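Visitor: Questions regarding the structure given below will be posed in turn.
The values are calculated or read from the model by the stated rules, or taken from the named source; none is laboratory data. Because the structure is a prediction, the values reported are computed rather than measured. Neighbour counts run over all protein chains shown; Cβ positions are idealised from the backbone, glycine included.
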């Protein structure tokens, strides 16, 4: 009987009621952060569900152990906590996407920003991504990956943060003006993160700044920089703000199948260059029209041996100068190398 009890305990999901909310890796273990790159269907992605994953302490991209819609993978295990904690009064969550659930009806709304926040009384995660109509609302009862994210490349960044960071994250989201399609922030967690509760209630800050950058320390002590802009910023996120703030030129991958695309820009002392050909993980090369992700990487390493890598939700086009959104940046040698090697060609000025 004792051995049977141990077996039953070992089979409990990591997202159970006794486990703190966290990002989880492909092996089902809690991790401080991870990146997932879902490959395009026609170029190395086979089914359109193949992915690469890179986590804290790793040396670069690794093949995903299954497909991106598997409940046991990094995304499935991490977001699975949302559904396993259903009706738990000690868990808060906010899901936002500029395309409404369940099938993207109603067009684009609010800031051009996509993500998920989930936390308990100790800690939680912030997942930034590029996939339309994702993730499923909690009432759906389980994790799944949508058809809307299959054909093109998509990117995901999950970071585990302590409870005290989520008020500031909420303030950043208020600036982003997200379209929240599902949320719940119970009173105890609303008291700890009032700005996140305001996002859930769709209450704007009294006088929100047009843009703000803040340093955010992960649960494990990794430093990130969050950039958030609102519609009032009315300018390109990368050239007018991120590049000069980080004091780095940037190669930017973004969705080019939209009107008013901004060309590469070498004015004002910083080069922001549009990626045109890429190969994440050194797999089959493809042009940027096959990739819906939004990320930026320094062309050259910094003095510490690694450059900047930023993952977010804003494209370089005229319409999105006037929409909210942002990016989360990290300086890590292995992460920088993985993303920098993915860029094969870019548009010169």
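Visitor: Return the residue satisfying two criteria in turn: it lies in the range 321-344 and is more than 21 Å from residue 116 (Cβ to Cβ) and in contact with a helix residue (DSSP H, G or I) (Cβ under 9 Å, 6 or more places away or on another chain), and of such residues it is surrounded by the fewest Cβ atoms within 10 Å (Cβ to Cβ).
Guide: Checking each candidate, the answer is 322.
Visitor: Does residue 95 fit the bill of being within 16 Å of the chain's Cα centre (by Cα), buried (at least 24 other Cβ atoms within 10 Å of the Cβ) and under 28 Å from residue 279 (Cβ atoms)?
Guide: Values: within 16 Å of the chain's Cα centre (by Cα): yes; buried (at least 24 other Cβ atoms within 10 Å of the Cβ): yes; under 28 Å from residue 279 (Cβ atoms): no.
So residue 95 does not fit the description; no.
Visitor: Regarding the range 235-245, can at least one residue be identified that is within 25 Å of residue 63 (Cβ to Cβ) and free of Cβ contacts under 8 Å to residues at least 40 places away in the same chain?
Guide: First, pick out the residues of the range 235-245 that are within 25 Å of residue 63 (Cβ to Cβ): none.
No, every residue in the range 235-245 fails to be within 25 Å of residue 63 (Cβ to Cβ) and free of Cβ contacts under 8 Å to residues at least 40 places away in the same chain.
Visitor: Name the one entry in 273, 309, 251 that is out of contact with any helix residue (DSSP H, G or I) (no Cβ under 9 Å at 6 or more places or on another chain), at pLDDT 95 or above and assigned to a strand (DSSP E or B).
Guide: On the way: 309 fails: out of contact with any helix residue (DSSP H, G or I) (no Cβ under 9 Å at 6 or more places or on another chain); 251 fails: out of contact with any helix residue (DSSP H, G or I) (no Cβ under 9 Å at 6 or more places or on another chain).
That would be 273, the only listed residue that is out of contact with any helix residue (DSSP H, G or I) (no Cβ under 9 Å at 6 or more places or on another chain), at pLDDT 95 or above and assigned to a strand (DSSP E or B).
Visitor: What number goes with the only condition from (1) more than 28 Å from residue 99 (Cβ to Cβ); (2) outside any strand (DSSP E or B); (3) at pLDDT 95 or above that residue 315 does not pass?
Guide: Residue 315 satisfies all of (1) more than 28 Å from residue 99 (Cβ to Cβ); (2) outside any strand (DSSP E or B); (3) at pLDDT 95 or above except (1).
Visitor: Next up: Restricting to the range 338-348, name every residue that is outside any loop (DSSP other than H, G, I, E, B) and closer than 18 Å to residue 272 by Cα. Reasoning before the result, please.
Guide: Looking only at the range 338-348, we keep the residues that are outside any loop (DSSP other than H, G, I, E, B), and these are 338-340, 343-346.
Correct list: 339, 340, 343, 344, 345, 346.
Visitor: Starting from residues that are free of Cβ contacts under 8 Å to residues at least 60 places away in the same chain and buried (at least 18 other Cβ atoms within 10 Å of the Cβ), keep the ones in the range 257-275 and report whichever is nearest to the chain's Cα centre (by Cα).
Guide: Applying the filter and picking the extreme gives 272.
Visitor: Any residue that is surrounded by fewer than 24 Cβ atoms within 10 Å (Cβ to Cβ), at pLDDT below 95 and more than 29 Å from residue 221 (Cα to Cα) - is there at least one of those in the range 9-18?
Guide: Scanning the range 9-18, I find at least one residue that is surrounded by fewer than 24 Cβ atoms within 10 Å (Cβ to Cβ), at pLDDT below 95 and more than 29 Å from residue 221 (Cα to Cα), so the answer is yes.
Visitor: Here's something else I'd like to know. Could you check, for the range 37-60, whether at least one of its residues is surrounded by 19 or more Cβ atoms within 10 Å (Cβ to Cβ), under 25 Å from residue 21 (Cα atoms) and more than 16 Å from the chain's Cα centre (by Cα)?
Guide: Checked the range 37-60: no residue is surrounded by 19 or more Cβ atoms within 10 Å (Cβ to Cβ), under 25 Å from residue 21 (Cα atoms) and more than 16 Å from the chain's Cα centre (by Cα).
Visitor: A follow-up question, please. Filter the range 61-80 down to the residues that are in contact with a strand residue (DSSP E or B) (Cβ under 7 Å, 6 or more places away or on another chain) and surrounded by fewer than 21 Cβ atoms within 10 Å (Cβ to Cβ), then identify the one that is farthest from residue 218 (Cα to Cα).
Guide: 63
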